[in-house]
Amino acid sequence: MTEATTLPLEHALILSGILFALGLLGILARRNVLFVLMSIEIMMNAAALAFVAAGSRWHAADGQILFILILTLAASEASVGLALVLQIYRRFGTLDTDAAGELKG
Amino acid sequence: MEFAFDLSAAVAVIATLLAISSLDPVHALLYLIVSLLAVAMVFFAIGAPFAGILEVIVYAGAIMVLFVFVVMMLNLGRAAVEQERRWLTPRVWAGPAVLALVLLAELLHVLGRMPAAAGIGEGTIGARAVGAALFGPYLLAVELGSMLLLAALVAAFHLGRNE
Amino acid sequence: MYDLLYLVFAFPLAGFLVLAFARGRVGERLAAAIGVGSVGLSALLTAALAGQFLSHPPAGGAYTQTLWHWMSAGAFDVRFALRLDGLSLSMMGVITGVGFLIHLFAAWYMRGDEGYARFFSYMNLFVASMLFLVLGDSLLFLYLGWEGVGLCSYLLIGFWYKDPANGAAARKAFVVTRVGDTLFAIGLFLLFHSLGTLDIQQALSLAPQQFAPGSPTVTLITLLLLGGAVGKSAQLPLQTWLPDAMAGPTPVSALIHAATMVTAGVYLVARTHTLYELAPFSLHLVGGVGAVTLLLAGFSALVQTDIKRVLAYSTMSQIGYMFLAEGAGAFQPAIFHLMTHAFFKALLFLAAGAVILACHHEQDIFKMGGLRKKLPLAYACFLVGGGALAAFPYLTAGFYSKDEILWQAYASGHIGLFWAGLFGAFLTSIYTFRLIFIVFHGEYRGHGEVHAGHGLAYGLPLVVLLILSTFVGGMIHQPLSGVLPANPAEEGGALQQQVAALSGAVAIAGIALAGALFLGERRFVARLAQSAPGRWLSRWWFAAFGFDWLYDRLFVRPFLYVTRVNAADVFDLAVAGIATGLRALYRGSVRSENGRLRWYAASMAAGAVLVIAAVIYL
Amino acid sequence: MSAIGFTPEVTAALIAAVKAVVILLGLVVTAAMLIWVERRLLGLWQDRYGPNRVGWFGLLQVVADMIKIFFKEDWTPPFVDKAAFWIAPMVAMSTFLLAFVLVPVAPGWGVAPDLNIGILLFLALAALAVYAVMLGGWSSNSKYALLGALRSAAQMVSYEVFMGLAVMGVVMKAGSFALSDIVAAQRHGWFILPQFLGFCTFFVAGIAATHRAPFDLPEAEQELAAGYHTEYSGMKFGMFFVAEYVGVVLVSALLATLFLGGWLGPGADRWPLLGFVYFSIKTFFFIMLFILLRAALPRPRYDQVMDGGWKFCLPVTLINLLGTAAFVLARQGG
């Protein structure tokens, strides 16, 4: 680390985009609630990565602040989501999202 | 630095891919943890060590533990894996894959139109700077975040109860 | 004292609000106390104001109370102001005084009705609106009260709404008067356009400077206002609703369709007399309309069998007198006749209500008869009221007002109007006493026991109105001189004596003829009615000269035809297309809302893709 | 060395690597020796002999155990989830070993004592250590293992919450996460005195993180057989086993570094070896304390453990944190 080696911002953003798309793919393709929640975490993480990268680009701490906020959000989401998973499993005996579609119009 | 970034990025992408395609929830979670650790490495590589370590402590160390914990409590077993195998046909993958690819293509297109490359990873933004900003201009956001956590706590407690 | 003016209409309004928002939860006694009491209070206040007005007249003969500014937009500045002058005081007296008596009578008449509180809430609203109409210092407020009384009229005609016929009558009244109201509104627009104000006093003072006498604008404005007046006062050609309006409870007929609301047209013309004086053609037309209506209604009344319809036609014809007077330029006698008419017509209607109730809601006069012994008070009322209506000389109030009108018409050179009025008086005395003789003389032809009403609420209004219908009512002096133009002809003199004698003779002759025809066996009348021209004439008159038939052919059927033809026109298709499109959208949304998480997520993702694409490529 | 042709960077890296290997080996050997030490000490305190037959005072007992463990058939039960079953002991071993990079064992000696996120890395690795227990328990496909793993996970997560908070007082006083800075900040007084509450809670959390007695519920023999590693044998069991002792050494070393001044002592600056001696003495003091606790204390009930964590230790930690923050702010402001 004697000399500051930099890498282009695009690389981090591309990684973020790929992760986001993969998370989206997971949400769309998986029927299991657990996988859906995991995919959501992936997407949030991807967004967080984009923030941190942007913050790094401007030498500002704000990106990491937003990362922390996303972390907060992810923690809340995971706790509530997993509590819901438990309830779904208890009520329907399955983790299939389609089976739990009782709120349809 | 660039090498570390590329390696971490490759690990992250592959692990994520495996995570969303894995049949067994625990394996998927393991892959996801690996992916998160890789992203943490990316954070280190781009000069955000505090974010990286938080990623490990909170994301991998707490949130994912919660996931594993729930999976263990549900104790799904072999039948769940078999069910996943039946659900995950190529036909199910095709549409979402196309959609995700289109989205990715659009994102990449946007990135391609960005002005000249700007470097990241020069120097680090340490915990001190982040903390100062967090409890300075972002104090309100911290309070809101704490309210959110409290709400989530109450909601999770309520939802998780055995009635 | 004067600053309590607003309370005059605030009391009935408060009564309406209380009764309306109590939603029928108040008992009959309380409802009557509120309904009658509020109007009573405003009558007392009116009396006090009148005392004050007569003993210490306000400066300039008028008192204006500005309560607040309603709206102010550019040159359009409307004050919420009340104006008390001789004319509005006279009207107020009639409205609150006669109105109070009718309310009191209604407390007896309506007892046991399930809509008791509702009835009084409507009645109170009516009184408030009517007071508003006469007190409003601006034509806009006049119009507000005008529509308010129209609404109350509608509500009260259709009071027994469970019978579809009543609803139809109410609707007819509403629609027909709406035609007039629309003309009135257009007239107001035009007036505002040319004068820049709707304030009555301002408009009246501006008009002579703005308009040359007989100019087309002022003629058009006055004609349009006349349209409104004609609609509200049931004059030709918008008279057809009034006989049907008798579907409402009898006190309603007395209050709205005899004493107050229908005379609003007279009031309007009197209020805007300056404009009419600038438009001689319109003023002539007022007289002409009055004369024609007077005669047509008189003929129709001759052959009616429904006790209330007879009175309805007589009302039309009496308002015709008022219009006739105004047409002759005699505004003060018109208002005078308005007042006496309110007395005796209210009396007649209330007495008719007493008769109707006594005969178990029977309204056909040929199923009554010989009631004079069983209902002496009603008989007395009918005699006095009918005498006043027929202008029985010297003893009745009607004689003084009607004689004044005839004299003014004659003396001001409107000979045609004079003869029409004289002939109308003759007709009036015939049909009035035909009614009295058929109902109260001869044998009882109805069913069931006849039972007279009793009690203060029954007797007091009748007696008071009875006294007012005699020459006592004719003695009342109205403080109109400063407000309305002086009479065109001088009072007194031999000529007036002769005219009075002539009209008195005509009245007595009519009574005598009626007695000859309808007392006893009525053989001649029967033979006359059996003859071919007699049958034809009586059918024609009975149908009020076929105006309903004519309007049905002229307006209703073509309109219905057009609506039928137009039921599926382009616009309809467009409107229906919206509905169809919405339904299709709804079906699509329902299908899209399938409860599948992945489907929703995919929709969101697709939306995001589209939005990003739009942002990138557009 | 540059004469031989190495660039300074490579030389530095080589030296660091050598240091790392030395520390690693020392750590593992120490951990292994602890097995003997513990058994001997327990024997001593419980008035019996302990292992005393192999070698002098039974010192070669460790070697014998190792030979046994290395050559035992490394059997994987057929019903387990193989991947997770294999990964679990590796995670257990590597997280604790990795955390040792932070510890400055002597002045200038340590793999990465200057790491700017310092103590946070330990917290991160302690958080990851939970996975070893959970994966081991889950992959074994056995109810004892699963229940043990669930208990363990809940316990460790609960105690990690205030473990991090407990050291924040130290961090505040030192003004840095790096352990070398923390040691340097203790030149004028060890943090055990001003941070006594933090020390106590960190000690408790450390015991829980290594699930030593009295927080050994995950492997409570009487209820759950051996808990999450019931199905393990041979080398993989050995890794779990050694990992526990590595954890003990690590937590002791951290306690010594964070609260007792690490290698600080008279003359340590001049002779680094003396610093190492001080450090070793302090560390061994805590190791003894660990063993003594195991010998002395009964095992609480599970709900008591959770209550103790959430309802006692967490509030105490928060109070400590508030007090320290107020103190530091007052010092700054004053």
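The values are calculated or read from the model by the stated rules, or taken from the named source; none is laboratory data. The structure presented is a predicted model; accordingly, all values stated were derived computationally and were not measured. Here the Cβ positions follow ideal geometry from the backbone for every residue, glycine too, while neighbour counts run over all protein chains shown. Protein only, heavy atoms only, side chains kept; ligands, DNA and RNA dropped before computing areas. Shrake-Rupley method; radii C 1.70, N 1.55, O 1.52, S 1.80 Å.
Odds and ends about this structure:
- Evaluation of residue C:330 against (1) surrounded by 24 or more Cβ atoms within 10 Å (Cβ to Cβ); (2) modelled with pLDDT of 85 or more (one fails), failing number: (2)
- Where helices (runs of 4 or more DSSP H) fall entirely within the stretch C:105-223, those with at least 3 residues that are open to solvent by less than 20 Å² (accessible area, probe 1.4 Å) and among the small types (Gly, Ala, Ser) are at C:116-135, C:139-157, C:164-195.
- Residue match in the stretch D:76-85 (condition: away from chain B (no Cβ under 14 Å), in a helix (DSSP H, G or I) and more than 25 Å from the chain's Cα centre (by Cα)): no
- Test result for residue C:439, in a loop (DSSP other than H, G, I, E, B) and either at pLDDT below 85 or closer than 17 Å to residue C:384 by Cα (or both): no
- Considering the stretch C:230-312, the qualifying helices (runs of 4 or more DSSP H), each wholly inside and each with 2 or more residues that are over 23 Å from residue C:138 (Cβ atoms) and at pLDDT 85 or above, run over C:250-254, C:280-303.
Quick grid of which residues meet (1) surrounded by fewer than 24 Cβ atoms within 10 Å (Cβ to Cβ); (2) more than 7 Å from every other protein chain (Cβ to nearest Cβ):
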| site | (1), (2) |
| --- | --- |
| B:34 | yes, yes |
| B:48 | no, no |
| B:54 | no, no |
| B:58 | yes, no |
| B:72 | yes, no |
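- Selection count, the stretch D:266-312, where residues are surrounded by 13 or more Cβ atoms within 10 Å (Cβ to Cβ) and over 26 Å from residue D:37 (Cα atoms): 11
- For the stretch A:77-96, the criterion of being without any contact (Cβ under 8 Å) to a residue 40 or more places away in the chain and either in contact with a Ser or Thr (Cβ under 6 Å, 6 or more places away or on another chain) or within 14 Å of chain C (Cβ to nearest Cβ) (or both) is met by at least one residue.
- Within the stretch B:110-139, the only residue that satisfies the criterion of being part of a helix (DSSP H, G or I), farther than 30 Å from residue D:118 by Cβ and either open to solvent by 70 Å² or more (accessible area, probe 1.4 Å) or more than 7 Å from every other protein chain (Cβ to nearest Cβ) (or both) is B:112.
- Only residues that are assigned to a helix (DSSP H, G or I) and open to solvent by less than 70 Å² (accessible area, probe 1.4 Å) were counted across the stretch D:62-75, and they come to 5.
- Residue in the stretch A:34-50 that is outside any helix (DSSP H, G or I) and crowded, with 24+ Cβ neighbours inside 10 Å present: no
- Members of the stretch B:20-32 found to be within 9 Å of chain A (Cβ to nearest Cβ), without any contact (Cβ under 8 Å) to a residue 12 or more places away in the chain and open to solvent by 10 Å² or more (accessible area, probe 1.4 Å), listed by number: B:22
- Condition check for residue C:590: under 30 Å from residue A:30 (Cβ atoms), open to solvent by less than 40 Å² (accessible area, probe 1.4 Å), assigned to a helix (DSSP H, G or I) and within 14 Å of chain A (Cβ to nearest Cβ): no
- Of the criteria (1) buried (at least 19 other Cβ atoms within 10 Å of the Cβ); (2) of a type in the set (A, V, I, L, M, F, W, C); (3) touching a residue at least 60 places away in the same chain (Cβ under 8 Å), which one residue C:41 fails: (3)
- Every residue from the stretch D:87-97 that is within 14 Å of another protein chain (Cβ to nearest Cβ) and either assigned to a loop (DSSP other than H, G, I, E, B) or surrounded by 17 or more Cβ atoms within 10 Å (Cβ to Cβ) (or both): D:87, D:88, D:91, D:94, D:95
- Set C:435, C:347, C:389, C:338: member being crowded, with 24+ Cβ neighbours inside 10 Å and in contact with a Cys (Cβ under 9 Å, 6 or more places away or on another chain): C:347
- Residue count for the stretch D:166-183, restricted to those that are open to solvent by 50 Å² or more (accessible area, probe 1.4 Å) and among the hydrophobic types (A, V, I, L, M, F, W, C): 1
- Some residue of the stretch D:103-122 being away from every other protein chain (no Cβ under 12 Å) and closer than 17 Å to residue D:240 by Cα: no
- Exclusive hit being within 19 Å of residue B:35 (Cβ to Cβ) and either of a type in the set (Gly, Ala, Ser) or not in a helix (DSSP H, G or I) (or both), set A:81, A:55: A:81
- The residues of the stretch C:474-491 that are under 17 Å from residue C:393 (Cβ atoms) and open to solvent by less than 70 Å² (accessible area, probe 1.4 Å) amount to a single one, C:474.
- Any chance residue B:67 is within 14 Å of chain D (Cβ to nearest Cβ), assigned to a helix (DSSP H, G or I), more than 26 Å from residue A:51 (Cβ to Cβ) and not aliphatic (A, V, I, L, M): no
- Qualifying position, being open to solvent by less than 40 Å² (accessible area, probe 1.4 Å), hydroxyl-bearing (Ser, Thr, Tyr) and either farther than 26 Å from residue C:276 by Cβ or at pLDDT 80 or above (or both), among C:458, C:444, C:400: C:458
- Which listed residue is more than 14 Å from every other protein chain (Cβ to nearest Cβ), at pLDDT 80 or above and out of contact with any Phe, Trp or Tyr (no Cβ under 9 Å at 6 or more places or on another chain), from C:529, C:605, C:505, C:514: C:505
- Verdict on residue C:538 being in a helix (DSSP H, G or I), open to solvent by less than 70 Å² (accessible area, probe 1.4 Å) and farther than 30 Å from residue C:296 by Cβ: no
- Only one of C:575, C:615 that is under 30 Å from residue B:112 (Cβ atoms) and away from chain A (no Cβ under 14 Å): C:615
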